[in-house]
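Notes follow once the structure below has been shown.
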There are 2 protein chains.
Amino acid sequence: MSREAAFIAALRDLAAHPAARGLADDCAVLELGGETLVLTHDAMAEGVHFLPEQDPADVAWKLVASNLSDLAAKGAEPLGVLLGYQFGTDDARFLAGLEDVLAHYGVPLLGGDTISATGPQVLGLTALGRATHRPAPSRADAKVGDGLWITGPVGGAMLGFEALRDKTAEDSRVFRRPLALLSEGWALAPVVTAMMDVSDGLLLDASRMARASGISFAIDSAAVPIAAPEARRAEALRWGEDYQLLFTLPAGAEPPIAAHRVGAACAAGEAPVVLDGIPLTEASGLGYEHS
Amino acid sequence: MSREAAFIAALRDLAAHPAARGLADDCAVLELGGETLVLTHDAMAEGVHFLPEQDPADVAWKLVASNLSDLAAKGAEPLGVLLGYQFGTDDARFLAGLEDVLAHYGVPLLGGDTISATGPQVLGLTALGRATHRPAPSRADAKVGDGLWITGPVGGAMLGFEALRDKTAEDSRVFRRPLALLSEGWALAPVVTAMMDVSDGLLLDASRMARASGISFAIDSAAVPIAAPEARRAEALRWGEDYQLLFTLPAGAEPPIAAHRVGAACAAGEAPVVLDGIPLTEASGLGYEHS
């Protein structure tokens, strides 16, 4: 196990609080005063999670939207965010993007902290929400026989990233300004058996849901909607940052919103994901992992 | 106004949510499900908030304790923390300190995020609590005539920092492992008119309470307990990171715990703090400000 993996495993042990599922499940879930609180925290670093030359307004948008996407996957209504901000090269642009995204989702900035430091800019955001359906969906409750569904296409962020990196005329908006599917999450929360957002790639995130649920997923690659040329289907299934919702429903059930059935849960095999009949393990490259 | 000050002012405007007091008041306060939630987020950077050669276990301790101190000042009981962790030179030592401080305060790690990035280590922590007394005390409600009190001495962190920096045999524990005065905060919350923790220096933090409350404080420097030689009293009143609680009580009232009366609130003058009869403004160096 790598140094990082060992640290994360130790943090997960630390986070094994009876009332909370923390690092093991992206969001923490906490019962309080007749409400179910949902909390998530993401950190982003310049040069790792965003390009140094990217518009800080887009960085702000994505920092907030990616955290709200975690709340969406819990069917949670956002109550507010707290920002950890390291001053950068254009703080006014960051603020403009922050105002945009908070206004778009009607979410207040509750507080935070600002620091000056040398080195690449590091940003942190905590989002707090309340579950609209209880219990809040988990990624750990998919059952053998369930259908596996996704809300929309993957691969768009990949094309957007390439357009931005290569400075082409292609539209990079899907990468720069992803949407958090909040209302979709609220509609799905009462009916799903498991749910999460796809931030690190469909195959990798599906494998995490499979491992957490103690099942495997058989996925039909042709059934996955992609926002990329057909020749790049394999990449689109592995690229992250599209922030679609991935969820399971009992066999035969139909979702209350438009979505695509891409596979089914089967008894746990050695591989968490079987793609078109071929077992895929983490070692064989299910996607990419931010570290 | 500096670039940083303008950004912070703009963030404060953004944070002017009717249900929340965010960056303007350190902690956000949010009513939910019959409870009052209190949230705070602090970021710390290597080389700014901690020394590169410091034991990461002490850094972890201080990161958590300084956030819990913000909850203490609201009379809040901690419900948990979320960690934004950038991998550093000795993650195992950081984890050991994190375990220590969470066990000491009985606070769960609810979740968080880990990142790898080049450059100085940047850490973020969000602490969530519930108010034990409602409304939670604010720093903005000191009244003319109130007495100004502090729970204990200042200046200890200054000596501890110097011991650590200069590698002397003096005890640096007060700087390395500050305590969050949670039970003191709980005892005080029902009786204070205003309360905050002293993180940036007694005079600077008192001036903030004065500005927020629309009053001025007359402070008697000789009445302030210090944990430093008498010759360094003026510095001790300006040094931060001792995490004492600073609070006001109606004239004649006595606190329910041991504390020291150091001054009184008077009608707002031009200076937020009058020390031994001498008006002090922010420009004249009330303390130091982390940026």
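The values are calculated or read from the model by the stated rules, or taken from the named source; none is laboratory data. Bear in mind the structure is a predicted one, so any value in this text is a computation, not a measurement. Cβ placement follows ideal geometry from the backbone for every residue including glycine, while neighbour counts extend to all protein chains displayed.
A residue that is under 30 Å from A:Val107 (Cα atoms) and surrounded by 20 or more Cβ atoms within 10 Å (Cβ to Cβ) can be found somewhere in region A:229-239. If you go through region A:258-276 and keep only what is surrounded by fewer than 16 Cβ atoms within 10 Å (Cβ to Cβ) and modelled with pLDDT of 95 or more, you end up with A:Ala258, A:His260, A:Arg261, A:Cys266, A:Ala267, A:Ala268, A:Asp276. Going by what's in this entry, would B:Arg139 be described as at the interface with chain A (Cβ under 9 Å from one of its Cβ atoms), closer than 28 Å to A:Leu128 by Cβ and basic (Lys, Arg)? Here the answer is no, as B:Arg139 does not meet what is asked. Please determine, by comparing only the residues of region A:185-203 that are modelled with pLDDT of 95 or more and surrounded by fewer than 24 Cβ atoms within 10 Å (Cβ to Cβ), which one is farthest from A:Gly106 (Cα to Cα). Among residues in region A:185-203 that are modelled with pLDDT of 95 or more and surrounded by fewer than 24 Cβ atoms within 10 Å (Cβ to Cβ), the one farthest from A:Gly106 (Cα to Cα) is A:Thr193. What's the number of the condition A:Trp239 fails, among (1) farther than 21 Å from A:Asp141 by Cα; (2) assigned to a helix (DSSP H, G or I)? The failed condition is (2). Of the residues making up region B:25-57, those that are more than 7 Å from chain A (Cβ to nearest Cβ) and in a strand (DSSP E or B) number 8. Close contacts from region A:68-84, counting a first residue that is more than 9 Å from every other protein chain (Cβ to nearest Cβ) and at positive phi and a second that is crowded, with 24+ Cβ neighbours inside 10 Å and modelled with pLDDT under 95, with Cβ to Cβ under 8 Å and a gap of 6+ residues or different chains, come to none at all.
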